[in-house]
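The values are calculated or read from the model by the stated rules, or taken from the named source; none is laboratory data. Computed from a prediction, not measured in an experiment: that's the story for all the values here. For neighbour counting, all protein chains shown are included, and Cβ atoms are generated from backbone atoms with ideal geometry for every residue, glycine included.
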Amino acid sequence: MPLERQDWNNVERRQGDAAVGLTALKIATRAAEGTPLDADQMFKDGGTPDQNNVRSADLKDPKLRAKVEALLRTAVLDEAEIAKYINELVDSQYKGSLDTLKTFNLYNPEQPPEGDVPAPTLEEAKDILASQVRAEQLEVIKRMEKPTLQLIPITSMTRYVTALDSNKPMEGQRNAFVSSWHQGAFERADERDKVNNNTIIGWKIAVTEGKKEPALLYGDDVSKTLRERNAWFKEEFGRKGISGVNLKEMMLLMMGSLKSGELMNNYWRNGTWTFVNEEPEKDGCVSGVDWDDYDRRVGLRERDAGLRYASARFRASVVVDVPRV
């Protein structure tokens, strides 16, 4: 059935004989609203202008049609590549991600507390990620040193820190250090996520940089202050749909590293900590997380946003919402 259409004669889509490439992009975008993505459908002559998807003069334009076909082929290839990559990633990491939640008593899929929204299944996780991840996001994921699947319960930060402290696999490990600034950050996170108690009210899925000691991102300048570096990150990656990590994502990464025995951001040994830049600056400070090998615990400590820290590292992340039923 033809798409709902209008006569494209003398309208903005081709006013002033717009460039063929621009017109092709607009037609391809319009084609994407239909099923299948089909150039034949777009260039079929319906007999009258109001039955055509393109203006009458463009129906027989071979150059324009070729460009539309090329754009649609690229769109289909992107979709297939994303689905293939996501399926392989989720198949290989879903069980481990769910096991981390269970190991640290954050969520047990076999015995979920009353009121908890259940975690997405493996197939649901694949479908949700594949349908929401874009081509430019996939390119960033592929450049990660260790792309890590995260199943993220939306619940209170109290439940997160209790979970982190509930399992201590490292010799001599103590409860996490949480500064008073971070106590305030917990409250702000709960307010942001509309969390009122310790119930899981929903889920997010992320693919996050999970390298123990991630390298500096290309273009990140350690001679600049944390505030300046964060502004650069948001400008450089935000337009691609890439975020940094928040406290939930970072605490899940720390749980995974403790479970595996490969300590993440072991500051006293390797000199790095994660700049948790999705938590907003407050009172001139920003969030930082590391493993303190001397005190044998995870540390959540604020840093001065106006100072330079060559030891700070970003972690890129692609985060999608799990639809709520």
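Of the candidates 318, 286, the single residue that is under 21 Å from the mean Cα position of the chain (by Cα), closer than 18 Å to residue 211 by Cβ, in contact (Cβ under 8 Å) with a residue 12 or more places away in the chain and assigned to a strand (DSSP E or B) is 318. Take the residues in region 171-200 that are closer than 12 Å to residue 279 by Cα and of a type in the set (Gly, Ala, Ser); name whichever of them is surrounded by the most Cβ atoms within 10 Å (Cβ to Cβ). Going through the qualifying residues, I end up with 185.
Within this structure, residue 140 passes the test of being aliphatic (A, V, I, L, M), touching a Gly at 6+ places or on another chain (Cβ under 9 Å) and not in a loop (DSSP other than H, G, I, E, B). Assess whether residue 289 counts as being among the β-branched types (Val, Ile, Thr), in the same structural domain as residue 149 (by TED's automatic domain parsing), buried (at least 20 other Cβ atoms within 10 Å of the Cβ) and within 30 Å of residue 134 (Cα to Cα). For residue 289, the condition - among the β-branched types (Val, Ile, Thr), in the same structural domain as residue 149 (by TED's automatic domain parsing), buried (at least 20 other Cβ atoms within 10 Å of the Cβ) and within 30 Å of residue 134 (Cα to Cα) - is met. Can you find even one residue in region 295-311 that is free of Cβ contacts under 8 Å to residues at least 60 places away in the same chain and either surrounded by 21 or more Cβ atoms within 10 Å (Cβ to Cβ) or out of contact with any strand residue (DSSP E or B) (no Cβ under 7 Å at 6 or more places or on another chain) (or both)? No, there is no match, as no residue in region 295-311 is free of Cβ contacts under 8 Å to residues at least 60 places away in the same chain and either surrounded by 21 or more Cβ atoms within 10 Å (Cβ to Cβ) or out of contact with any strand residue (DSSP E or B) (no Cβ under 7 Å at 6 or more places or on another chain) (or both). Taken over region 86-120, the residue count meeting the criterion of being closer than 22 Å to residue 318 by Cβ, among the polar types (S, T, N, Q), surrounded by 14 or more Cβ atoms within 10 Å (Cβ to Cβ) and out of contact with any strand residue (DSSP E or B) (no Cβ under 7 Å at 6 or more places or on another chain) is 2. Scanning region 92-137 for residues that are among the acidic types (Asp, Glu) and either assigned to a helix (DSSP H, G or I) or within 15 Å of residue 260 (Cβ to Cβ) (or both) yields 99, 123, 124, 127, 136.
Under the condition of being touching a residue at least 40 places away in the same chain (Cβ under 8 Å) and touching a Leu at 6+ places or on another chain (Cβ under 8 Å), the residues counted in region 107-128 number 4.
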